[in-house]
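Single-structure report; data block below.
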Amino acid sequence: MTVDSIRDGIVIDHITAGLGRKLYNLLGLENTNVPVALLTNVTSVKLGRKDIIKVDAPIPVDYDLIGYVDPGATVNIIREGKLVEKKQIDMPEMLVNVIHCKNPRCITSCEQELAHKFRLSNREKKEYRCIYCETKVALL
Amino acid sequence: MRSVIDVPDLTLEELDRLMDTAEDIIARPDQYSERCHGKKLATLFFEPSTRTRLSFEAAMYELGGNVLSVTGAGTSSAAKGESVADTAKTVSCYADIIAMRHPKEGAALVAANNASVPVINAGDGGHCHPTQTLADLLTIRREKGRLGNLTVGLCGDLKFGRTVHSLITAMSRYEGLKFVLISPEELKVPGYVKNDCLIKNNIPFMQTTSLEQVIGDLDILYMTRVQRERFFNEEDYLRLKDSYILTPEKMKKGRPDLCVMHPLPRVNEISIAVDDDPRACYFKQVLNGKYMRMALILMLLKEAGRI
């Protein structure tokens, strides 16, 4: 299988196999009109199987969202056909409007303008807690 | 701007200092009667309350200050859909300090993030209620002479009882504590309290459904009400509301120096006959709450440079 190399854009690599489509949807890539390739179950020396997303356009990247979905992923920034930056993604300390608090007693349930903020509470368990009501969510 | 949303916002040293101030207010009330002259406390209570609001207001009056009061969401701009953030910004223009109670968890944090004066959380839904904890800590220190090396029993609604969550969080910072958590299966302490507070800090605790079996082991028995307003389902409330009723009969099994506490209001979980037992400390707790709120108002106004 061959996918053209990209000139100006990003490659999200080393995505845990099975999470590529989720990330593709959460990043809103289905709504863009730029060239995007989602490769699933690609052979990987490091992971065995992995997913890859290639975007051939210099779109803004939500690193927090990528870190929340798959902290093991890497993001390669490509400019004029060359790799200019390689970022190892980690779990963000704070998630802002990435996920929404589902606690009906939380202040965010009735104040629509309020940002939904989750603080990393347990790195080992990959747990986040709402800063307002402490409702827990685990990583996807 | 320094606010107090939860007990961990205060260091152990600050807690000690607040308790020392409260003791000094009790000993020398005249020395404090004009400390807040010309200052205004706004009490914003969007949820029913008798003692907490009156306690804050009495505290401010006894410090020589004045009070602006909003009671009930229906009588304020919240009824028109005003956000907590806008309310906090607006009230900051009128008052030197705000005490706020709100049914939604995290509302006090939103207020603190937007106010330009200190905000004290007077209860945010089932989340936390730090000034009740200050009252509890002073009561324990005055009754037992210490805050460490105690076996503390918490009984009733440990799931939605915000006073329970705040008290466990606060006391977990002292040495030699052991907790006995007495509740129906459905009303056990939430995971974040058990895991992040007790297990994480290696604090011994046991969970049981029987008050009678453990009452003889306790230094402190902290009773709580099963709160109708926290249930979405009336049937569940009716089934659980009478789970524990402390009677003179059960008190016979308690130690002679047992200290019985309750954040009040009670419904029927402590029978009135227990009130005459010298081990009943819940009305002392009410009074201690006022002194601790006075100490807290003084501390925050001083830090804000307003007195």
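Of the residues screened, B:D20 is not one that is in contact with a Ser or Thr (Cβ under 9 Å, 6 or more places away or on another chain) and either surrounded by fewer than 22 Cβ atoms within 10 Å (Cβ to Cβ) or not in a strand (DSSP E or B) (or both). I'm trying to understand the selection: among the residues of the range A:65-84, which are surrounded by fewer than 19 Cβ atoms within 10 Å (Cβ to Cβ) and charged (D, E, K, R)? Matches in the range A:65-84: A:R79, A:E80, A:K82.
For the range B:97-114, filtered to residues that are in contact with a Lys or Arg (Cβ under 7 Å, 6 or more places away or on another chain) and buried (at least 24 other Cβ atoms within 10 Å of the Cβ), the residue that is farthest from A:C130 (Cα to Cα) is B:K104. Being away from every other protein chain (no Cβ under 14 Å) and of a type in the set (F, W, Y) holds for only one residue in A:Y68, A:Y128, A:Y132, and it is A:Y68.
Out of B:D136, B:D157, one residue alone is more than 14 Å from every other protein chain (Cβ to nearest Cβ), in contact (Cβ under 8 Å) with a residue 40 or more places away in the chain, among the acidic types (D, E) and in a helix (DSSP H, G or I). It is B:D136.
Can you name the residue in the range A:85-99 that is touching a Ser or Thr at 6+ places or on another chain (Cβ under 7 Å) and surrounded by fewer than 19 Cβ atoms within 10 Å (Cβ to Cβ) and, of all such residues, is nearest to the other protein chains (Cβ to nearest Cβ)? Here the residue is A:Q88.
Residue-by-condition table, conditions (1) within 14 Å of chain A (Cβ to nearest Cβ); (2) in contact (Cβ under 8 Å) with a residue 60 or more places away in the chain:
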{"site": "B:T11", "(1), (2)": "no, no"}
{"site": "B:L15", "(1), (2)": "no, yes"}
{"site": "B:Y32", "(1), (2)": "no, yes"}
{"site": "B:T52", "(1), (2)": "no, yes"}
{"site": "B:Y61", "(1), (2)": "no, no"}
{"site": "B:A85", "(1), (2)": "yes, no"}
{"site": "B:A88", "(1), (2)": "yes, no"}
{"site": "B:I97", "(1), (2)": "no, yes"}
{"site": "B:A112", "(1), (2)": "yes, yes"}
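Checked against the criteria, B:T169 counts as under 15 Å from the mean Cα position of the chain (by Cα), within 14 Å of chain A (Cβ to nearest Cβ) and either over 23 Å from B:V226 (Cβ atoms) or assigned to a helix (DSSP H, G or I) (or both).
Go over the candidates A:K102, A:K82, A:K117 one by one and state the one that is of a type in the set (D, E, K, R), more than 18 Å from the chain's Cα centre (by Cα) and within 13 Å of chain B (Cβ to nearest Cβ).
Working: A:K82 fails: within 13 Å of chain B (Cβ to nearest Cβ); A:K117 fails: more than 18 Å from the chain's Cα centre (by Cα).
The match here is A:K102.
Of the residues making up the range B:99-110, those that are in a helix (DSSP H, G or I) and either small (G, A, S) or more than 14 Å from every other protein chain (Cβ to nearest Cβ) (or both) number 2. If you go through the range B:112-132 and keep only what is within 19 Å of the chain's Cα centre (by Cα) and either outside any loop (DSSP other than H, G, I, E, B) or of a type in the set (S, T, Y) (or both), you end up with B:A112, B:V119, B:I120, B:N121, B:A122, B:G123, B:D124, B:P130, B:T131, B:Q132.
Any read-out appearing in this document is the output of simple, stated calculations on the displayed coordinates, not a laboratory observation. The structure presented is a predicted model; accordingly, all values stated were derived computationally and were not measured. No Cβ is skipped: glycine too gets one built from the backbone with ideal geometry, and neighbour counts run over all protein chains shown.
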